[in-house]
Every structure is written in structure tokens, then in C-alpha cells.
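Have a look at the structure below before the remarks.
Here, each number is a calculation from the coordinates, and none is a lab measurement. Please read these numbers as outputs of a predicted model, since none were measured by experiment. Every residue, glycine among them, receives a Cβ derived from its backbone with ideal geometry; neighbour counts consider all protein chains shown.
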Amino acid sequence: MTKHAAKILAEDKIRVNSVHPGVINTPMVEKSFEEYPELKETVKANFPLPPHTGEPEDLAYMVVFLASDESKFATGSEFVIDGGATSTR
């Protein structure tokens, strides 16, 4: 969908990218970890980067970059922000 929209909207000089977050430290995730303590360890064990969940800022920095002129040549791309979790599968 991202690539298709990017292709269609390119003639109007509209860039389309998507951000795909992994486990991000939010109140909902914290509540899940409290209810299911084993879940926290399972999630952390699947991150190649030092074991921790992502922070909302980790996503925000990518979105700010994509909204800026610094990424003026990026379109049709999917950005996975998951601490490398999907790279281990």
C-alpha cells in the first residue's frame, strides 16, 4: 500500500512512507507487562539490541525525519522501528 500510494502521488510531489513499530513502552504495554510478567522477559529476549522496549521518542524521531526536507528523496519505504526484533526471524 505504501509503495502503491507513493507511485500514484509522486506526480503531485507527495512522498509516502510508513513506520512500523515494534513493542513500544506505552501505558498499555506497561499494563500488559504487569499482568503478565513473563511477557516482558519474552519480549526483551527477542531484541538484538540491548534488551529494552522502544520508547515513544524512538518513533517520533523517525516521523520528524520523514516529515522534514532531510528525507526529500525517501518515498515508498517502510521503516521498521522494532529494535531488530524482526531481523531475528
Which labelled figure in [x] 1.04; [y] 1.09; [z] 0.97 is Rg/Rh (Cα atoms, Kirkwood Rh), once derived from the coordinates: [y]
For the range 2-88, size of Cβ-based charge dipole, Lys and Arg +1, Asp and Glu -1, in debye: 400
DSSP-assigned coil residues among chymotrypsin sites (Phe, Trp or Tyr not before Pro) in the range 20-78, each with at most 12 further Cβ atoms within 10 Å: Phe73
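So what is the relative contact order of the chain, in percent, for Cα pairs below 8 Å that sit 6 or more residues apart?
46
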Those lysines that a straight Cα-Cα span of less than 27 Å connects to Lys3, excepting residues fewer than 8 apart in one chain: Lys13, Lys72
Cut-off under 5 Å, modelled amide H: who pairs with Asn25 long-range: Gly54, Glu55
Reachable lysines, given that their alpha-carbon falls under 17 Å from the alpha-carbon of Lys44 and they are not under 8 places away in the same chain: Lys31
Cut-off under 5 Å, modelled amide H: who pairs with Ile81 long-range: His20, Gly22
